[in-house]
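To start, the structure under review is shown below, and the notes come after it.
The values are calculated or read from the model by the stated rules, or taken from the named source; none is laboratory data. As the structure is a computational prediction, the values presented were derived from the model and not from experiment. Reconstructed Cβ throughout: ideal geometry from the backbone, glycine too, with neighbour counts over all protein chains shown.
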Amino acid sequence: MAELERIYTIPLGKAYNYARTTRAVRAGKMVKAYIARHFRTEVENVRVSNFINATIWKRSIQKPPRRIKVRAKQVDAKVYVFTIEEKPDIAQFISQKEEVHKGEVKAEEKAEKKKEEEKKTKEEKGKPKEAEPAKKEEAEAKVKKEEIKKQGKSAEKIADKREEKPRSKETERTREELAEKK
C-alpha cells in the first residue's frame, strides 16, 4: 500500500464539555478518533507523536488547546500523526516502541527480583532468632526517646507517666504469647 499524507486541523473544543480533570485525556482520544475516522481505520492503528501529546498537555490537564494542526501519514495499516513543525520520522515510533518494550522487560525483571527477595526474607523470618528481637526493642526505645526529646518537655512528662503505669499480668502474658507466635 502506498504512503498517504494529509494535513488536518483537529477541533478539540468538545473536550471542554467534560470535567476539568479529564479534558486533556479526552483531547488525546479525540485526536486519535478523528484521524481514525478520516483514514477509515481502527483507533488502535493510530500512533500519535510525543510532541502532539506534549502540545495537548502543555497548559495542564484542565486547558487543552481548542484546535491542533497535524500531519498524518499512513504507512500500510498504521497511521502516524505528527505536528506541522515536526519532521515525520516513522523510525522514531519504532524506536520508541522498542524503548517501551525494554522498559517493560526491566520492570518485569525488577518484579521478579522483589519476589525472590520477599521469599528470602520470609524464609529468614521463619527461622528462630532470639537475640535479635531484644536488640530491635532496645533500638526502638532509643528512637522513641530521641523523638520525645525533640518534641519538648511536655512530651517527656507524658512519656514518663506512661512508663510509670504498672501493667497487669494479663497484658504481659498476651504480649509474650504474641511474641512467641511471631
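Filter segment 39-50 for residues that are surrounded by 14 or more Cβ atoms within 10 Å (Cβ to Cβ) and not in a loop (DSSP other than H, G, I, E, B) and give the result. Within segment 39-50, Phe39, Asn45, Val46, Arg47, Val48 qualify.
Filtered by the rule that a residue be more than 26 Å from the chain's Cα centre (by Cα), within 18 Å of Leu4 (Cα to Cα) and either charged (D, E, K, R) or not assigned by TED's automatic domain parsing to the domain that holds Pro11 (or both), segment 37-84 gives Arg37, Arg40, Glu42, Lys69, Arg71, Lys73, Asp76, Lys78.
Taking the listed residues Ala27, Ala54, the one that is surrounded by 20 or more Cβ atoms within 10 Å (Cβ to Cβ) and among the small types (Gly, Ala, Ser) is Ala27, with no other qualifying.
A quick yes/no check of all residues on (1) β-branched (Val, Ile, Thr); (2) without any contact (Cβ under 8 Å) to a residue 60 or more places away in the chain; (3) surrounded by 16 or more Cβ atoms within 10 Å (Cβ to Cβ):
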{"position": "Tyr16", "(1), (2), (3)": "no, yes, no"}
{"position": "Ala19", "(1), (2), (3)": "no, yes, no"}
{"position": "Tyr34", "(1), (2), (3)": "no, yes, yes"}
{"position": "Val79", "(1), (2), (3)": "yes, yes, yes"}
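Evaluated against (1) at pLDDT below 95; (2) at negative phi, Asp76 falls short on exactly one condition, (2).
Take the conditions of a type outside the set (Gly, Ala, Ser) and either assigned to a loop (DSSP other than H, G, I, E, B) or on the phi > 0 side of the Ramachandran plot (or both) and apply them to Lys63. Does it pass? Yes; evaluated as a whole, the condition is true for this residue.
Within segment 47-69, residues that are without any contact (Cβ under 8 Å) to a residue 24 or more places away in the chain reach partners that are part of a helix (DSSP H, G or I) and surrounded by 12 or more Cβ atoms within 10 Å (Cβ to Cβ) with beta carbons closer than 9 Å, at six or more positions or on different chains, in the pairs Arg59/Ala24.
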